[in-house]
Amino acid sequence: MKIKILKDLKSGESGKITRIDGGHGMVSRLAALDIRPGSIVKKLSAGVMGGPVTVEVNRIQIAIGFGMAKRILVAVEDSAS
Amino acid sequence: MRILLMGNPNVGKSVLFSRLTGVHVITSNYAGTTVHYTQGFMKLGEYQVEVIDVPGTYTLEPTCEAEEVARRIIDSGDIIINVVNATNLERNLYLTLQLLEKKVKLIVALNMWDDTRHQGINIDLDGLRKALGVPVIPTVATTGEGIKTLVENIPKAVSLEIPVRSHEERWAAVGNIIEHIQQVTHRHHTFSERLADASVRSFSGALIAIIVLTAAFIIIRFIGETLIGYVFDPLFEKFWVPVLTGLSVLLEGNGFLHNILVGTLIEGNVDFVQSFGLLSSGLYVPFAMVLPYIISFYLVLGFLEDTGYLPRLAVLADTIMHRLGLHGYAIIPTLLGFGCNVPAILSTRILESKRERFIAATLISIAVPCAALQAMIFGLLGSHGWKYVAMVYSTLFVIWIVLGTILRQIVKGFTPELLIEIPPYRLPPWKTTLQKLWMRTYGFLMEAVPMILGAILVVNVLFFLGVFEVIADFTAPVVNGVLGLPKEAVTALIVGFLRKDVAVGMLAPLSLTAEQLVVGCVVLAMFFPCIATFVVLLRELGIINMLKSAAIMITAALITGGLLNFIL
């Protein structure tokens with residue numbers, strides 16, 4: 001198990017969200033889209049130059065602004081990486 | 001009795017609404033197509049009941065204007081049909097549980113049921129019914145499957161006594177249900193999914209975006225010009241010219257009535273653009289110049305909306321849009337603005353903060369020309385050479401960037417980050433795409449044509465009364481001194497408040513140079529919104545912000561017009 005920041009995940013890598021470092025507003029906005037501690041996310045692509053990070057959670061694709069993606073921590077299985 | 005359709009964004013509530021009520025509403029494949037509620041009626045047994053299509057919401061704690069609308073309306077409903085995306089129960093059931101806690105009568109429509117099979121998702125329906133305690137009906141709104149059963153079961157909607165839970169408890173409850181009733185089998189990526197991945201990656205995505213937008217532009221031009229050249233123009237030339245010529249002779253070629261109906265003769269003939277009579281320009285401008293472009297623009301836009309491409313464009317545009325104080329999703333209202341600014345400004349409701357909505361609405365009103373205005377710019381400037389048309393567009397683009405950069409600095413508040421759902425690509429259901437095109441075209445014919453005729457009537461009466469001359473003399477220092485246009489061009493600016501297409505048409509008889517036309521078109525596009533846009537800006541922004549926005553428009557238009565006059 002390794003804890004990584006969501007934006008640092010490789011494309012195609014997945015893991016379980018362990019923590020979201022944000023205010024109540026940000027946490028609840030993300031939670032509404034199923035991005036919350038315990039959710040399994042798979043990173044699909046990352047925008048360069050501060051573009052949004054795209055992830056898949058429960059077969060739905062979500063684009064997350066770069067600033068938020070920096071504050072989401074994900075536990076990645078060692079074997080997966 | 002009142003039935004509410006509620007559910008997450010982009011689960012097909014509006015398609016279901018059309019099925020239930022026969023009322024056609026604009027539907028697309030992206031979250032936030034519906035930003036205000038739509039009302040319709042359906043027959044339930046012997047009764048007429050009211051059905052409301054509520055904007056999509058992920059949760060009952062509102063995060064943007066559209067969700068706020070959804071939350072406020074709950075208490076007014078007798079029965080709620082909770083439309084659920086069957087391929088994503090994990091998230092959709094969260095709202096279902098929240099609704100159940102409100103103790104309202106609920107029935108669940110398990111929509112996109114057909115997609116569960118393709119995606120290898122197996123749902124135990126009876127298990128789900130037991131777990132939720134309310135009727136659950138699988139439906140496919142786009143084909144109509146299950147709608148009849150849904151309607152039959154509406155009276156069986158029940159309200160349950162469920163205590164209000166905390167977030168964690170609710171998510172745990174959802175997880176618990178999913179574990180028991182859903183099985184997902186792994187399967188390989190399909191071609192459209194691989195394409196879906198490619199279109200949000202920065203390099204391949206940018207390439208795809210350039211190709212899509214260029215193709216869109218070429219197709220819009222091609223269809224528009226073909227309709228004009230092979231359908232509408234010949235129709236007018238062949239059938240309408242003889243009628244007008246006859247009428248002109250009958251009215252002895254001059255006089256008040258002649259000028260209002262046929263217009264002024266140009267070198268002894270009726271000129272559809274310059275004559276400016278109700279029956280000449282009044283019909284030619286809307287039907288032969290603007291309508292073809294309305295049709296071609298909305299056909300292409302509808303296609304893009306229904307495939308699900310627009311949210312991907314939003315992801316790509318995010319970095320640029322942040323420089324303008326917006327986030328990527330603002331690209332959707334902006335694109336809508338190229339059709340008509342009114343629905344564009346309404347759709348800024350999908351943006352979360354007041355600041356974003358102000359910036360987006362202002363930028364759209366200033367720098368995004370509607371289809372009617374663009375059609376006239378093509379018609380008038382195109383004959384002088386395409387580089388002049390390109391000048392208008394590039395000027396507006398620069399204004400969009402510069403003004404956005406300034407607004408980002410000076411408008412108070414904050415812009416939240418992009419957080420959107422990216423829908424799967426879908427092949428547009430042709431019937432609904434064409435239906436949508438028809439609704440938008442019909443809307444143009446019903447709303448714009450009377451306005452155009454009214455504007456032309458007003459122009460003629462004011463000319464006759466000599467009002468324009470007085471104004472023209474008064475504003476000459478600005479119009480002539482700053483913008484370098486003949487003083488009579490002020491009439492076009494005034495008429496621009498009624499209809500921008502008519503206003504551009506008024507520049508035609510002034511025998512302007514191509515450069516002057518460029519200045520005229522740019523200033524007309526920026527100067528002030530047309531009355532329809534003005535009303536919707538006032539309603540959406542409030543009077544104070546509307547005034548601020550208008551002040552920005554006038555200042556920016558005069559500065560840009562002056563600069564262009566100086567450079568060209």
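The values are calculated or read from the model by the stated rules, or taken from the named source; none is laboratory data. All values derive from a computational prediction rather than experimental measurement. Cβ atoms come from the backbone with ideal geometry, glycine included; neighbour counts cover every protein chain shown.
Here are some notes:
- For the range B:182-287, the helices (runs of 4 or more DSSP H) that sit wholly inside it and include 2 or more residues that are under 24 Å from A:Ile62 (Cβ atoms) and in contact with a Gly (Cβ under 9 Å, 6 or more places away or on another chain) are B:191-198, B:202-226.
- Among residues of the range B:103-122, those that are in a strand (DSSP E or B) and away from chain A (no Cβ under 14 Å), counted: 7
- Scanning the range A:40-81 for residues that are among the hydroxyl-bearing types (Ser, Thr, Tyr), surrounded by 16 or more Cβ atoms within 10 Å (Cβ to Cβ) and in contact (Cβ under 8 Å) with a residue 24 or more places away in the chain yields one hit, A:Ser45.
- Meets criteria (assigned to a helix (DSSP H, G or I) and over 25 Å from B:Leu304 (Cα atoms)) for B:Gly413: no
- Residue check, B:Ile228 more than 30 Å from B:Ala288 (Cβ to Cβ) and either β-branched (Val, Ile, Thr) or surrounded by 15 or more Cβ atoms within 10 Å (Cβ to Cβ) (or both): no
- Which numbered condition B:Thr143 misses (of (1) among the β-branched types (Val, Ile, Thr); (2) within 14 Å of chain A (Cβ to nearest Cβ); (3) within 38 Å of the chain's Cα centre (by Cα)): (2)
- For beta carbons closer than 7 Å, sequence separation of 6+ or different chains, a first residue in the range B:300-323 that is away from every other protein chain (no Cβ under 11 Å) and within 15 Å of B:Ile219 (Cβ to Cβ) and a second that is in a helix (DSSP H, G or I) and of a type in the set (Gly, Ala, Ser), the qualifying pairs are B:Val300/B:Ala216; B:Leu304/B:Ala216.
- Only one of the listed residues (B:Arg170, B:Arg165, B:Arg129, B:Arg201) is closer than 30 Å to B:Leu304 by Cβ and of a type outside the set (Asp, Glu). That residue is B:Arg201.
- Flag if B:Pro428 is more than 14 Å from chain A (Cβ to nearest Cβ), touching a residue at least 12 places away in the same chain (Cβ under 8 Å), surrounded by 15 or more Cβ atoms within 10 Å (Cβ to Cβ) and not in a helix (DSSP H, G or I): yes
- Here B:Asp197 passes the criteria (1) under 36 Å from the mean Cα position of the chain (by Cα); (2) touching a residue at least 24 places away in the same chain (Cβ under 8 Å) except the one numbered (2).
- Residue in the range B:302-317 that is farthest from B:Met439 (Cα to Cα), counting only those that are part of a helix (DSSP H, G or I) and touching a Phe, Trp or Tyr at 6+ places or on another chain (Cβ under 8 Å): B:Ala314
- Within the range A:12-39, tally of residues that are free of Cβ contacts under 8 Å to residues at least 40 places away in the same chain, of a type in the set (Gly, Ala, Ser) and surrounded by 14 or more Cβ atoms within 10 Å (Cβ to Cβ): 4
- In the range B:123-158, the residues that are modelled with pLDDT of 95 or more, small (Gly, Ala, Ser), surrounded by fewer than 18 Cβ atoms within 10 Å (Cβ to Cβ) and not in a helix (DSSP H, G or I): B:Gly133
- Residue in the range B:444-454 that is in contact (Cβ under 8 Å) with a residue 60 or more places away in the chain, surrounded by 17 or more Cβ atoms within 10 Å (Cβ to Cβ) and not hydrophobic (A, V, I, L, M, F, W, C) present: no
- Those residues of the range B:110-135 which are closer than 21 Å to B:Leu99 by Cβ and among the small types (Gly, Ala, Ser), in sequence order: B:Gly127, B:Ala131, B:Gly133
- The set of residues in the range B:94-114 being of a type in the set (Lys, Arg) and either on the phi < 0 side of the Ramachandran plot or at pLDDT 95 or above (or both) consists of B:Lys102, B:Lys105.
- Set A:Gly50, A:Gly67: member being at pLDDT below 90 and not basic (Lys, Arg): A:Gly50
- Odd one out for B:Asn82 among (1) touching a residue at least 40 places away in the same chain (Cβ under 8 Å); (2) farther than 27 Å from B:Glu168 by Cβ; (3) away from chain A (no Cβ under 13 Å); (4) within 28 Å of the chain's Cα centre (by Cα): (2)
- Filtered residues of the range B:159-181 (kept if in a loop (DSSP other than H, G, I, E, B) and either in contact (Cβ under 8 Å) with a residue 40 or more places away in the chain or on the phi > 0 side of the Ramachandran plot (or both)): B:Ser159, B:Leu160, B:Glu161, B:Ile162, B:Pro163, B:Val164, B:Arg165
- Considering chain A, there are no qualifying strands (runs of 3 or more DSSP E) wholly inside with 2 or more residues that are acidic (Asp, Glu), more than 8 Å from chain B (Cβ to nearest Cβ) and over 21 Å from B:Tyr94 (Cα atoms).
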